[in-house]
Structure formats: structure tokens, C-alpha cells
Amino acid sequence: MIRPRLPDCAPILTLLAVACASAGDPPPAPVGRESSSPAAAERSAETGSERCRLPTSPDTLRAEDGAVLLRWDVPDDPVYSGPLLPADSALLAYRAAVRADGADVPWPVADEPTPRSDAEADLWRDERFNADLARSGEAGKVDRITCLEALLFALQNRRRSQLVHPTEFLASVLRLEREGADSLVVLFGADLEMFPPKSVYGFDVVETLVKRGWRWSYALHNHTTQREGDHIALGTPALSTSDVQLVRSLAADLGLEAARVTNGFWTYRVPAEQFGRLRSR
């Protein structure tokens, strides 16, 4: 789920060229630097919970020059879909730095690229269209990051600081319904550079599991930090046009049920039945 790099912009699955699109403020949350306040400073002192954790170490399926594909097999736990954050010092430091710069807003404001051609101008128009649908709730919804999403974001942030050297990861969560508690397979692919190579996407593992009766609940990737002048801007929580092209294909071929994009604070979640509302390459 990674897209080719676009001029002046850098994101994954690509599921959106992070924050290169659009600005604005979805009610009721403030936008821009307004969250840089005593209240925001107080929130920056948040702590994580030991309850938000994966109970086992992952199996390493592939490792090559800094790129990895990891797999966890775990029972489902309601904690994973709840609001707790992991007790991960690097993640908490990332969130504190973003908040200190007043950038912890649901709809990030980043410097927009200057189109170099009519074709680029058309592309950014389509990116804004998708971002506007995400922001308005007409296709999917933006909400606070969950425990499992934060665990995966935190893992890549430990491997490579998202403030110093932003990189993207791609994760898949599959579910098998069982009596008592459902089972989950969590796949995580990433590199130490911006985009992971296709060899760690894990789609071949997904295909094998789907054939065995597992459901592909969602694919998740992150959008990296951008800039608003001298300030941090979070990655835009929305699907890019190339992201849409990819997830439509995965839904048709492998039954992908939903796509998610996170920036470490906010996550965009959109079900497959709404992929058709979004613009594609």
C-alpha cells in the first residue's frame, strides 16, 4: 500500500501524500496553532498504560537491509480498539513535541505545494476532494487513535524517529472468529527509509490467511509529519488518490474490509463500501 513519491510531498500505502492536501478545521476542533495553550501543555504530560500492549513478541517473517515484515498471532482484546496509549516513552515524547508546537489538531494545516503543471494542479484538486470527504464524514470518519494503532505507530517511531526522519509503515489486521474470543493476526511492514519495499507489504501472507477463512479487517498505514512554516504539521488523515486505487484493488481481490490512516494522534477509518466515493488515480 505504498504510492510513488509526489513532488514536495512524502507519504505510504500510500494511502495519501500526507498533508500535502488541504487545510481547514472540522467542527468542533480548533485548527492551526490554537491548541498551543496551557490546556494543551497540560495534556502533553499524558502517560501510557501497561494494559495497551501486545502479549507476545512478533515472529520476523522477513528482514533485509533495515526492512522488516513482522507477525503477531494474538487473541483479540477490547483494549486494542479503545483509547489507551502504550507506555512507550518515544511515542509519548513524539506526542508531547507535537502538542508543544500546537499541532495536535484533528485536521492538520501544512504548507501546500505549488503545482508545476496543469496535471499536478488536477492531482492536488483530487487529493483535496478526498480529504474534504474524510473531514466532513461523508466517506469514513476521523477519530482519536486506538491502542493497537498506537502500538504499531510506536514501533516504527522507535525504529526511526517520526520527528527526525519520518517514515511510513504498512500494517494489516486479520480476524478469525472463534468461540470465546476471536483470533487476530497482525502484520507490520516497514523500512528505515521513507517507504517500505514491496517485499514487506505482506500481501502474500494475507492471501494465504484469507484462503484459510480469515477476514482482512483493515489495512493501516501512517502519514508522516509535514511543516507549516517553522512549525510541525501532522500528516493528513485521509486516503490519497493512489491509496484509493490500491485499496479498491485489495478489496476486490482479497476482501479488504476497511482502510485506515493514522498520524499518531488521529486516525481516518473508511469501510470498503465507501471506497467508491473517493477519487482514484
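What follows draws every value from the coordinates through simple rules; no lab data is involved. Remember, predicted model here, so these are calculated numbers, not experimental data. Positions of Cβ are backbone-derived with ideal geometry, glycine not excepted, and every protein chain shown enters the neighbour counts.
Below are the figures for this structure:
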{"read-out": "Distant alpha-carbon pairs in the stretch 107-212 (separation over 19 angstrom), percent", "value": "66 percent"}
{"read-out": "Quotient of Cα Rg and 2.2 N^0.38 Å for the stretch 228-281, N being how many residues it contains", "value": "1.29"}
{"read-out": "Around residue 69: net Lys/Arg minus Asp/Glu count, Cβ-Cβ under 11 Å", "value": "-1"}
{"read-out": "Local electrostatic count at residue 51 - Lys and Arg +1, Asp and Glu -1, tallied over other residues with Cβ under 14 Å", "value": "-2"}
{"read-out": "Value of D in µm² per second that Stokes-Einstein yields for the stretch 150-233, Kirkwood Rh from Cα pairs, at 25 °C (0.890 mPa s)", "value": "172 µm²/s"}
{"read-out": "Local net charge near residue 90, Cβ-Cβ under 12 Å (Lys/Arg +1, Asp/Glu -1)", "value": "+3"}
{"read-out": "The stretch 38-277: equivalent-ellipsoid semi-axes (sqrt of 5 x gyration tensor eigenvalues, Cα, Å)", "value": "27, 23, 17"}
{"read-out": "Span per principal axis, largest first, for the Cα atoms of the stretch 130-269 (Å)", "value": "51, 35, 30"}
{"read-out": "Antiparallel DSSP beta bridges within the stretch 38-277, as percent of all bridges there, nearest 5", "value": "90 percent"}
{"read-out": "Of the trypsin sites (Lys or Arg not before Pro) in the stretch 208-250, those whose Cβ has at most 14 other Cβ within 10 Å and which sit in DSSP loop", "value": "212"}
{"read-out": "Ordering of 96-102, 63-69 by packing [mean C-beta count within 10 Å, highest first]", "value": "96-102, 63-69"}
